[in-house]
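This report refers to the structure that appears directly beneath it.
Rule-based calculations on the coordinates, nothing more; no lab input. All values derive from a computational prediction rather than experimental measurement. In this analysis, Cβ positions are derived from the backbone assuming ideal geometry, glycine residues included, and neighbour counts consider all displayed protein chains.
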2 protein chains.
Amino acid sequence: MFQSFNPTPRTLMGPGPSDVNPRILSAMGRPTIGHLDPEFIRMMDEIKALLQFAFQTKNELTIPVSAPGSAGMETCFVNLVEPGDKVIICQNGVFGSRMADNVKRLGGSSVIVEDEWGRAVDPSKLEAALKAHGDAKIVAFVHAETSTGVRSDAASLCALAQKYDCLTIVDCVTSLGGCDVNLDAWGADAAYSGTQKCLSCAPGLSPLSFSERAVAAVKNRKTPVSSWFMDLNLVMGYWGEGQTRAYHHTAPVNALYGLHEALVVLAEEGLEASWARHDRNHQALRAGVEALGLSFIVPEDERLAQLNAITIPEGVDEATIRRELLNQFNLEIGAGLGSLAGKVWRVGLMGYASNPRNVLLCVTALEAVLSQYNAHINRGAAIPAINQAYT
Amino acid sequence: MFQSFNPTPRTLMGPGPSDVNPRILSAMGRPTIGHLDPEFIRMMDEIKALLQFAFQTKNELTIPVSAPGSAGMETCFVNLVEPGDKVIICQNGVFGSRMADNVKRLGGSSVIVEDEWGRAVDPSKLEAALKAHGDAKIVAFVHAETSTGVRSDAASLCALAQKYDCLTIVDCVTSLGGCDVNLDAWGADAAYSGTQKCLSCAPGLSPLSFSERAVAAVKNRKTPVSSWFMDLNLVMGYWGEGQTRAYHHTAPVNALYGLHEALVVLAEEGLEASWARHDRNHQALRAGVEALGLSFIVPEDERLAQLNAITIPEGVDEATIRRELLNQFNLEIGAGLGSLAGKVWRVGLMGYASNPRNVLLCVTALEAVLSQYNAHINRGAAIPAINQAYT
């Protein structure tokens, strides 16, 4: 017979899920109430307001999609792309190619603007594509590439798209809460995120925000949205104001308790304080990692604080090291994806997981395990470097 | 500033979510681990095996969709329906029309076989439609209509579909765990359910099962599946065996802890014992409700034990009564939907919520509140009737 599942507590420093704040775990275990209960509806309204705060937007349509981040991505594409539409996709990692796959399934065509994995999107390449494709309707890009640890300049890319009269779709999965996401200042039209990164919540929901211009585009479609579940015309009715709320699907009640608590935690800390904390712990991690003799693949001014792609010492089997970190220290870090598979580890310092204890644990556990496998690293230098970084 | 959300504990006797077993709430609050953690992957395998047990099937593709039941419905349609396909939909409540909406968005056409709301699907009408539409590819119907409290004869309907060489899509949202669901005995091809009904879990996931024939249909499609998130060609890779697992989306880890625990609870009780419990408590509720002078809208042999559509005394504002049940007794029951709005209450006795305490609470709270509003009911007769039913 099957037994209850009692997971071994881990320290989650991969690309997500990241460590979940115990306040949030506790919130998810609170008694389920009805999705039409007046108390629940008030909580939904608070989530909308808190997401507006987190995204720095006044967009009315700012809600969590009741499914993981990849469904948030698809919600943007399925609502904005119609058959025959042309979408310019800036691709500098895994998630750009997923965007192109979405477009293709919807009968649209993609123009791919490629940048090297590990580098930011180059705005001049986007502008060249916009000039060459005057009929493009949408520009899509990833603000914080989880597969490489790169931050692109969302403000510049959105400004270019606007200049050429394109809507923008911005992937904020790994950026929301961890670095400056300001939809209104950028003039972004559609953005989505995930709960399991810098919001420190369990995976399963996708915060989403649509500008008035994007909402108008959805309302004025020539063809119906191919998905019933993701059709924002219906979802808007469900997340509408107070009594006008129309039943669409049954909300994931306890997951929303978790997201609400995560956003309250973020509001208590403040956005700027959260970003500064992410930076501080990133600098300490960097000091420790470089003291070991490892390096970062992303140029300094394009690095994400919350996702660190670091090199693997020569002659080391990267999967073995990750397995030993998990077995010996209950520490999870991430492997490389796509063209970076086998070439980097991805170390997350996201949300609640971005703290000095985790920095120290990760660097010293790496030193311990790499030493066991006789890797060429500098020993004994990491702790002083971390101390120095925090001083 | 916003505060943590602490919901008032309710007794959930509406159409779902139903009361969540505290064991399941506690499971959802356990520490989040990575979605690629070996422990998590073992748990995924257990969930597959436990869902096969619950659905009574050997179908290899038996998994939870990472989104609510309506996404489970859409996963069935988006994978099996191609543009131009004809689908026969048996409609005897709200959820049949949602199926037709799905088909339309996918470029298919629907043939609607209509039955009265509150009555089971009539197999002879289905057979007439199958004869008239020899080119139909799929038959879709709802096993347990949540909007009316009706159970249809899934075995007969699936047998008819097979006779005319159609695939079947069966909505088991409200039936799974509460009454006999036996996909292999029925010969059903695609079935989906929800977690928030008779599995007593929080809403947010949709158990799904596809037969070999249905999987072959997905693999042999002429056109790509329009949804990336719901494309079972990709999802199968994610839920595949052990090391072949390909990253698709980030699993909703803590929601899956809850589903795992719910299925362990069901396995501990046993399927037949669970169905018998649902019947026993339904009979007691019925005795109490009829003693008050209210009646059931569904003929006895078509009634669901887990969802009871009962009449409203004349001259009573049904919404007021529901509000007072919630305010005075923290008891939630459901309103009517669609053509039954204002005509019935829907009382759920689902999963963990199907117990004598809830039966007694619901009937006596109804008596108390209806008395306050001077409704014409029989007073003092309910408790003896409930006692009698349990004897």
Task: Surrounding net charge for B:P7, when Lys and Arg each add one and Asp and Glu each subtract one, Cβ distance under 15 Å - done: -4
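I want the antiparallel fraction of DSSP beta bridges within the protein assembly as shown, as a percent rounded to 5.
About 50 percent, rounded to the nearest 5.
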Task: Across the identical copies, how the B:K104 labels are spaced - nm, sorted shortest first, 7 Å along Cα→Cβ - done: 3.1
TODO: Report relative contact order for chain A in percent, whole number only (criteria: Cα-Cα under 8 Å, sequence separation at least 6).
DONE: 23 percent
Task: Total formal charge among the other residues, if their Cβ is under 14 angstrom from that of A:R98, Lys/Arg +1 and Asp/Glu -1 - done: -3
TODO: For the stretch B:305-391, run through the GluC sites (Glu not before Pro) and keep only the ones in DSSP coil with at most 13 other Cβ atoms within 10 Å of their Cβ.
DONE: B:E314
Task: Per principal axis, descending, Cα span of the stretch B:1-126 in whole Å - done: 50, 37, 35
TODO: Inverting the mean 1/r over all pairs of different Cα atoms, compute the Kirkwood radius of the stretch B:124-253 and quote it in Å.
DONE: 16.3 Å
Task: FRET efficiency, 1/(1 + (r/R0)^6) with R0 60 Å, evaluated for B:H376 and B:R245 via beta carbons - done: 0.45
- [ ] Starting from the Cα gyration tensor of the stretch A:271-390, take the square roots of the eigenvalues, sort them a ≥ b ≥ c, and report rounded, prolate or oblate (rounded when a/c is under 1.5, otherwise prolate if a/b is larger than b/c, else oblate).
- [x] prolate
- [ ] Enumerate the calculated ³J(HN,Hα) couplings along the stretch A:77-85 in order (Karplus 6.51 cos²θ - 1.76 cosθ + 1.60, θ = phi - 60°), each rounded to whole Hz, writing x wherever the residue is Gly or Pro.
- [x] 5, 5, 8, 9, 9, 10, x, x, 6
Task: Cα gyration tensor shape of the stretch A:188-254, rounded if a/c is under 1.5, else prolate or oblate by comparing a/b with b/c - done: oblate
TODO: Kindly write out, for the stretch A:277-284 in residue order, the coupling ³J(HN,Hα) from the Karplus curve 6.51 cos²θ - 1.76 cosθ + 1.60 (θ = phi - 60°), rounded to whole Hz, with x marking Gly and Pro.
DONE: 4, 4, 5, 4, 6, 4, 4, 5
TODO: Would you grab the residues whose amide H sits under 5 Å from the one on B:E114? Only those 5+ places off in sequence or on another chain, please, with H modelled 1.01 Å from N.
DONE: B:Q91
TODO: With θ set to phi - 60°, apply the Karplus curve 6.51 cos²θ - 1.76 cosθ + 1.60 along the stretch A:122-136 and write out the HN-Hα couplings as whole Hz, x wherever there is a Gly or Pro.
DONE: 8, x, 5, 5, 4, 5, 4, 5, 5, 5, 6, 10, x, 8, 5
Task: Taking the convex hull of Cα positions in the stretch A:222-279, its mean projected area over all directions (nm²) - done: 6.8 nm²
Task: Residue order, fewest to most beta carbons within 10 Å, for A:D189, A:D165, B:D184 - done: A:D165, B:D184, A:D189
TODO: Sticking with the crude label model, points 7 Å out along Cα→Cβ, report the distance from A:N327 to A:A185 in nm, one decimal please.
DONE: 4.7 nm
TODO: Taking the Cα centre of the stretch A:22-267 as origin, work out the dipole magnitude from +1 charges on Lys and Arg Cβ and -1 charges on Asp and Glu Cβ, in debye rounded to 20.
DONE: 240 debye
Task: 11 Å beta-carbon shell around B:A368, net charge (K/R +1, D/E -1) - done: -1
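Taking other Cβ within 10 Å of each residue's Cβ, how do B:H143, B:H376 sort, fewest first?
Values: B:H143 27, B:H376 11.
In increasing order of surrounding Cβ atoms, one gets B:H376, B:H143.
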- [ ] Tell me the distances, shortest first, between A:T391 and the same position across the other copies, using label points 7 Å along Cα→Cβ, in nm to one decimal.
- [x] 8.5
Open item on the list: Can you sort A:L176, B:L50, A:L208 from fewest to most other Cβ atoms within 10 Å of each residue's own Cβ?
Closed with: B:L50, A:L176, A:L208
Task: Calculated on alpha-carbon atoms, Rg and Dmax of the protein assembly as shown in Å - done: 26.7, 86
Task: Which listed pairs, of A:K104/B:K58; B:K86/B:K131; A:K219/B:K219, have C-alpha distances above 23 Å, in listed order - done: A:K104/B:K58; A:K219/B:K219
- [ ] May I ask you to give the average projected area over all directions of the convex hull of the Cα atoms of the stretch B:215-321, in nm² rounded to one decimal?
- [x] 12.7 nm²
- [ ] With a point put 7 Å past each Cα toward its Cβ, work out how far B:A319 is from B:M1 in nm, to one decimal.
- [x] 3.7 nm
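When you have a sec, figure out the Kirkwood radius of the stretch A:22-267 from all distinct Cα pair distances and drop it here in Å to one decimal?
Here the Kirkwood hydrodynamic radius works out to 18.0 Å.
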- [ ] Please work out the Cα center distance from the stretch B:308-347 to the stretch A:323-381, rounded to the nearest Å.
- [x] 57 Å
Task: Mean-position separation - Cα centroids, the stretch A:19-45 and the stretch B:82-140, in angstrom - done: 37 Å
